[in-house]
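Structure first, commentary second.
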């Protein structure tokens, strides 16, 4: 069984740090296995280009071909992990890797924005509109406290994530929980 989390090293960071690859991986993780042709239509990209990026993702251990499902003309691909983890500290001594990490984080942030904007443009029943939420809090924390807060949130979400397979209750929907934590420098008055 594959681990649920792919931890980035220098090689896998190089393999993922491309906007289209991040988008392809997100679709495979959220929608399930697909072909380059289907992905190209969904993402508005050329199928040859998508095929090439799928092979790059496979080379770096993010996706694999579903050989039982495909044919010689139609190759199906699936994500090998549910999540990608980044230990930022591992890349701080290499300016090239810092640039790639910045590109990756920027694309992930754009992806999170697109998901939230997509939700807002959809017609959900009132109980789901009420249940969903967006907001922000201004806190004053040390780096250690911010780390502890992030770990507390991760643990809380993990508890709910464990319930995912418990029931096929029709009232349950797949939920995206997004959050960002970062310090900010106040603008001088």
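Tabulated data
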| read-out | value |
| --- | --- |
| Residue within the range 70-89 that is touching a strand residue (DSSP E or B) at 6+ places or on another chain (Cβ under 8 Å), over 25 Å from residue 175 (Cα atoms) and at pLDDT 90 or above present | yes |
| Residue list for the range 30-52, filter: part of a loop (DSSP other than H, G, I, E, B) and touching a strand residue (DSSP E or B) at 6+ places or on another chain (Cβ under 6 Å) | 33 |
| Single residue of 99, 135 found to be exposed (fewer than 15 other Cβ atoms within 10 Å of the Cβ) and under 14 Å from residue 17 (Cβ atoms) | 99 |
| So residue 111, is it touching a helix residue (DSSP H, G or I) at 6+ places or on another chain (Cβ under 8 Å) and either loosely packed, with under 12 Cβ neighbours inside 10 Å or assigned by TED's automatic domain parsing to the domain that holds residue 27 (or both) | yes |
| Subset tally (residues that are within 18 Å of residue 82 (Cα to Cα), buried (at least 16 other Cβ atoms within 10 Å of the Cβ) and either out of contact with any helix residue (DSSP H, G or I) (no Cβ under 8 Å at 6 or more places or on another chain) or outside the structural domain of residue 109 (by TED's automatic domain parsing) (or both)) for the range 32-56 | 1 |
| Qualifying residue in the range 24-31 (condition: over 24 Å from residue 176 (Cα atoms) and surrounded by 13 or more Cβ atoms within 10 Å (Cβ to Cβ)) | no |
| Residue in the range 57-66 that is assigned by TED's automatic domain parsing to the domain that holds residue 17, in a loop (DSSP other than H, G, I, E, B) and farther than 19 Å from residue 13 by Cβ present | yes |
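The values are calculated or read from the model by the stated rules, or taken from the named source; none is laboratory data. What you see is a predicted model, and the numbers here were worked out from it, not measured in a lab. Every residue, glycine as well, gets a Cβ built from its backbone with ideal geometry; the counts of neighbours run over all protein chains shown.
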